[in-house]
Number of protein chains: 2
Amino acid sequence: MSIQSRRERERAERHQLIVTAARELAEAEGWDAVTTRRLAARIEYSQPVLYSHFRGKEAIMKAAALEGIGELAERLRAARQGEPDPAAAMRAFAAGYVEFATRQPALYAAMFTLTSDLSFGTADSPDTLRAAFAEFTATVRPFARPGVDLETLAETFWAALHGLVALDGSHRLRPGRTADRLTLLVDRFLC
Amino acid sequence: MSIQSRRERERAERHQLIVTAARELAEAEGWDAVTTRRLAARIEYSQPVLYSHFRGKEAIMKAAALEGIGELAERLRAARQGEPDPAAAMRAFAAGYVEFATRQPALYAAMFTLTSDLSFGTADSPDTLRAAFAEFTATVRPFARPGVDLETLAETFWAALHGLVALDGSHRLRPGRTADRLTLLVDRFLC
DNA sequence: ATTCTGAATCTAGCAATGCTAGGATCGGGG
DNA sequence: CCCCGATCCTAGCATTGCTAGATTCAGAAT
């Protein structure tokens with residue numbers, strides 16, 4: 001009992017160690033630099049150990065992405081609940097989203113541009129993803145109009161934010177105007 | 001003279017052949033399937049020939065992306081000019097954008113999610129990119145309000161469209177509601 | 001205390017990738 | 001008819017993700 005539980009605990013710790021190391025390495029040098037060899041060296045184990053925890057590199061990225069979505073949801077909830085006024089809440093919400101993505105671009109990429117499955121608002125999603133999407137619907141609800149589906153509005157708002165983050169992060173928009181674009185976008189969803 | 005020009009012509013044809021083959025292969029099986037070996041086999045040349053035309057695989061993708069941006073610009077211009085009313089033009093424009101991305105997802109990915117450089121509205125862009133971005137500013141101009149920068153508005157509109165396309169294309173939004181989201185988004189930029 | 005057992009871990013290797021060096025080949029010019 | 005230079009291919013490199021087999025080591029049983 002005791003010995004087996006210790007092993008399970010060590011295993012869980014190493015699982016987390018892998019994900020954390022992958023995130024750090026990706027944030028420092030990009031996901032291309034996260035090779036299984038470098039990752040194994042970083043956690044001071046041999047390569048095959050990774051495969052006793054994850055099916056492969058993609059699974060590691062997916063685990064990191066899921067972790068990131070959980071953290072994003074918490075961040076968004078704090079931003080939303082920090083402002084009593086719905087409009088102010090939405091502004092804080094959007095700013096929080098952009099800041100999260102800007103501060104951890106590699107993690108954000110794993111969450112929404114590199115990983116292919118890992119949905120968000122679909123029905124068969126894990127709880128973490130559902131909860132994250134719920135932050136969007138909650139933020140957007142005060143501005144829903146009759147005849148418009150609430151989830152459709154939330155999806156659209158999310159997509160618009162994601163577009164800003166994605167294009168800005170790949171330097172496709174003029175630098176230094178991120179805030180302008182964000183306020184412009186949010187205003188469009190407020191009116 | 002004649003002989004050299006023939007060689008240059010053949011070279012240009014092969015250049016185009018490579019890009020076309022890459023696009024076809026990518027559209028059929030994704031960019032991961034576009035290996036230099038398969039691509040070389042497809043154009044019935046050996047691998048190193050690719051490197052006498054392009055610096056590497058990334059350069060080939062970039063060439064395909066640039067070609068795609070040119071085609072997108074033409075598509076957008078047609079959609080925009082096909083409708084005299086500014087609002088209708090914007091709707092057609094947005095629908096054209098989404099349709100282009102949906103019909104050629106791999107090409108779109110090369111244009112705006114995989115390739116990292118290749119900007120669009122920045123000052124030092126090639127003419128093709130500038131022209132494409134100009135389609136956005138032209139479409140959005142009738143709805144610009146005093147105090148809002150026109151290019152900022154265009155960038156934001158583009159980003160929002162891109163977000164819809166990107167998330168929808170990776171199955172992160174509920175299927176079958178693409179049109180709803182699009183009209184909702186465009187309405188926000190019309191009012 | 002010693003041997004057995006099974007899990008945990010590593011070494012070594014595979015096929016596939018992007019890319020390159022070197023030689024072969026082939027056509028045009030002398 | 002021969003040479004020369006551009007063109008093209010064969011062969012190979014290092015690196016990638018991933019896996020099979022051997023090895024080691026901790027705990028159990030005698």
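The values are calculated or read from the model by the stated rules, or taken from the named source; none is laboratory data. The structure displayed is predicted, hence computed values, not measured ones. Neighbour counts run over all protein chains shown; Cβ positions are idealised from the backbone, glycine included. Keep in mind that these areas ignore ligands, DNA and RNA; they rest on the heavy atoms of the full protein, side chains included. Shrake-Rupley method; radii C 1.70, N 1.55, O 1.52, S 1.80 Å.
General observations
- Full extension of the chain segment joining residue A:103 with residue A:180 gains 25.9 nm, where the gain is 0.36 nm per residue of separation less the Cα-Cα distance.
- Counting Cβ atoms of other protein chains within 10 Å of each Cβ in B:102-112 and taking the mean gives 1.
- Label-to-label distances for residue B:7 across copies, nearest first, come out at 7.0 nm, using points 7 Å from Cα in the beta-carbon direction.
- Distance to the B-onto-A rotation axis is smallest for one chain B Cβ; residue and value in angstrom are B:163, 1.
- Pairs of Cα atoms in the protein assembly as shown fall into 10 Å distance bins, from 0 up to the last occupied one, in shares of 5, 21, 29, 24, 14, 6, 2, 0, 0 percent.
- Residue-by-residue Karplus 3J(HN,Hα) for the stretch A:47-64, coefficients 6.51, -1.76, 1.60, Hz, glycine and proline x: 3, x, 4, 4, 7, 7, 10, 10, 5, x, 4, 4, 5, 5, 4, 5, 4, 4
- Residue by residue along A:168-176, Cβ atoms of other protein chains within 10 Å of the local Cβ number 6 on average.
- Highest-first packing order for the peptide set B:158-164, A:142-148 is B:158-164, A:142-148, based on the mean count of other beta carbon atoms within 10 Å.
- Residue-normalised accessible area of the stretch B:97-191, given per residue in Å² at a 1.4 Å probe: 40
- Charge dipole of the protein assembly as shown (Cα centre as origin; +1 on each Lys and Arg Cβ, -1 on each Asp and Glu Cβ, all else neutral): 580 debye, rounded to the nearest 20.
- 10 Å Cβ neighbours from other chains, averaged over peptide B:143-153: 2
- Given +1 at the Cβ of Lys and Arg, -1 at the Cβ of Asp and Glu and no other charges, the dipole of the stretch B:1-54 around its Cα centre is 280 debye to the nearest 20.
- Assigned charges on the beta-carbon of Lys, Arg, Asp, Glu; chain A dipole about Cα centre (debye): 320
- Relative contact order (%) - criterion: Cα under 8 Å, at least six apart; region: chain B: 18
- Of the peptides A:41-52, A:86-97, the order by per-residue mean of other Cβ atoms within 10 Å, starting with the highest, comes out as A:86-97, A:41-52.
- Protein accessible area in the protein assembly as shown, 1.4 Å probe - carbon and sulfur %: 52
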